[in-house]
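Inspection log for the structure reproduced underneath, given as structure tokens.
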């Protein structure tokens with residue numbers, strides 16, 4: 001049986017077919033048979049698998065233990081909760097991410113910031129209902145925008161927001177990273193010392209935080225101003241859905257935007273006029289998909305040709321005996 005490379009279902013989405021994708025897959029096929037990634041990766045999928053380009057499906061301990069030829073799991077995107085990083089590292093498998101769509105998420109954030117300030121969603125609903133009222137809207141140049149989390153995406157948002165805020169608008173940032181003041185200085189931002197201060201003082205707060213923990217609770221939402229909006233382009237679970245629904249109903253904030261579909265705990269938001277759910281699409285554009293495709297294919301190609309790929313999540317694995325057997329480039 002020849003070598004196998006398992007591919008995320010993203011490559012089956014014809015809406016994002018491109019010559020770049022086709023050529024990349026053609027090159028990748030030189031290293032092994034290209035097969036679809038299973039809904040759950042278990043030991044039965046391990047034989048002769050040398051690489052995967054992963055979506056968000058679970059990777060089990062058993063898969064890694066049995067996948068003796070596996071060199072790399074290249075995550076198509078940046079979320080890595082399901083790839084089982086600990087098991088990959090223990091079994092000598094490199095895990096990478098593809099952070100080449102950060103500017104796409106930043107553009108989404110700016111678009112939602114302006115749309116909520118201009119009350120676009122409400123105006124559209126009113127007009128379609130035959131209500132042609134003129135309502136209150138706001139200007140970015142006099143607004144206070146808050147960024148919660150100043151990693152790659154948060155900084156891309158800051159870079160784009162600063163010119164729109166102009167000389168009168170304010171940019172506030174919160175992060176626990178030790179270099180937050182240096183980052184704030186780059187973008188003419190002010191550092192606040194707590195999430196509550198950010199929520200109290202801003203007309204819009206945008207979340208750019210990784211992880212699974214719920215960080216926005218009802219008490220924090222109650223600190224917001226009634227005209228303010230919360231934008232969550234990161235993960236739905238960062239915000240307590242019951243709490244934000246209640247807070248919107250109580251007029252404690254105006255809009256909640258979340259880049260996740262109306263399912264699971266978000267089903268409560270279905271048809272709510274001031275809760276906007278998008279289908280985890282913030283980082284996906286025609287252009288970013290090409291970049292994601294090519295970077296993941298490049299990472300797999302590098303590993304299979306004995307080179308160290310970019311954006312390794314578990315650099316300690318480079319000392320694993322299995323990796324040292326095939327890695328040809330200096331570490």
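Annotation: for a label point projected 7 angstrom from Cα along Cα→Cβ of residue 191, residues of the stretch 128-153 with backbone N closer than 15 Å are 147-151. The slack between residue 9 and residue 68, meaning 0.36 nm per residue of separation minus the straight C-alpha distance, is 18.9 nm. In a fully extended conformation the segment linking residue 270 and residue 60 would gain 72.3 nm over its present Cα-Cα distance, using 0.36 nm per residue.
Taken over the Cα atoms of the stretch 1-160, the convex hull encloses 163 Å³ per residue. Computed over all pairs of different Cα atoms, the Kirkwood value for the hydrodynamic radius of the chain is 21.6 Å.
Approximating the spin labels as points 7 Å out from Cα along Cα→Cβ, the residue 249-to-residue 210 distance works out to 3.6 nm. Distance between the pseudo-spin-label points of residue 36 and residue 131 (7 Å out from Cα toward the beta carbon): 4.5 nm.
Just so you know, all these numbers are worked out from the coordinates, no wet-lab data involved. What you are looking at is a predicted structure, and each value in this text was computed from that prediction instead of being measured. No Cβ is skipped: glycine too gets one built from the backbone with ideal geometry, and neighbour counts run over all protein chains shown.
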